[in-house]
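Novice: First, the structure itself, so that you have it in front of you.
The values are calculated or read from the model by the stated rules, or taken from the named source; none is laboratory data. Worth saying up front: this structure is predicted, and the values here are computed from it rather than measured. Here the Cβ positions follow ideal geometry from the backbone for every residue, glycine too, while neighbour counts run over all protein chains shown.
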Amino acid sequence: MLNRIKALFGDPDGSTGDAAGGEDSLQLAAAALLVEAAQMDDHFEERERAKILQLVRDRFALSEEEAATLLESASLRVADSSQLFGFTRVVNDRFSFDERIELMEMLWQVVYVDGALHDYEANLMRRIAGLIHVTDRENGEARKRALSRLDLEG
């Protein structure tokens with residue numbers, strides 16, 4: 001698992017050509033979108049990092065070490081990329097509609113974990129929802145569920 005994630009980092013399009021690498025590329029794309037959301041307000045705080053680690057661990061059934069490696073790879077990939085399209089393309093191709101809504105909920109949790117929604121974050125969320133073909137209604141519902149989850153955790 002860790003070697004496959006590391007190998008992905010060296011591959012510009014994030015694909016390895018095999019089924020296992022495909023799953024890793026999906027995880028990397030989802031994690032990269034979460035990192036992008038966390039960094040959008042120019043502050044990548046520890047609580048955002050912790051939330052992303054928790055979300056990817058839970059969603060992809062990863063160990064602590066695997067989640068940390070995935071987050072590091074995603075952070076490096078985001079730093080090297082100025083476009084969302086590559087990440088959202090992988091998500092579109094590999095996630096079902098329900099999984100894309102779940103990803104939006106995860107993104108909303110990361111955006112709101114610091115207690116505030118920055119204008120840039122709101123814009124990013126609209127762009128990602130459009131790129132992964134999640135309707136405004138479903139995106140709004142995902143946002144409400146994310147806020148509810150954060151209230152329950154806090």
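Novice: Among the numbered criteria (1) surrounded by 14 or more Cβ atoms within 10 Å (Cβ to Cβ); (2) at pLDDT 95 or above, which single criterion is violated by GLU65?
Specialist: Of (1) surrounded by 14 or more Cβ atoms within 10 Å (Cβ to Cβ); (2) at pLDDT 95 or above, only one is false for GLU65: (1).
Novice: Next up: Please find, among ASP41, ASP24, the residue that is touching a helix residue (DSSP H, G or I) at 6+ places or on another chain (Cβ under 8 Å) and under 14 Å from VAL113 (Cβ atoms).
Specialist: Of the residues listed, the single one that is touching a helix residue (DSSP H, G or I) at 6+ places or on another chain (Cβ under 8 Å) and under 14 Å from VAL113 (Cβ atoms) is ASP41.
Novice: More than 14 Å from the chain's Cα centre (by Cα) and assigned to a helix (DSSP H, G or I), is that true of ASP42?
Specialist: No; evaluated as a whole, the condition is false for this residue.
Novice: Tell me, please, whether a residue that is buried (at least 17 other Cβ atoms within 10 Å of the Cβ), over 22 Å from ASP119 (Cα atoms) and among the aromatic types (Phe, Trp, Tyr) can be found in segment 70-91.
Specialist: Within segment 70-91, not a single residue is buried (at least 17 other Cβ atoms within 10 Å of the Cβ), over 22 Å from ASP119 (Cα atoms) and among the aromatic types (Phe, Trp, Tyr).
Novice: All but one of (1) under 21 Å from HIS133 (Cβ atoms); (2) in a loop (DSSP other than H, G, I, E, B); (3) at pLDDT 95 or above hold for ALA30, so report the exception by its number.
Specialist: Just one mismatch for ALA30, condition (2).
Novice: Another question, if that's okay. Which of the residues belonging to segment 113-133 are crowded, with 20+ Cβ neighbours inside 10 Å, among the hydrophobic types (A, V, I, L, M, F, W, C) and under 25 Å from ARG94 (Cβ atoms)?
Specialist: Across segment 113-133, the qualifying residues are LEU124, MET125, ILE128, ALA129, ILE132.
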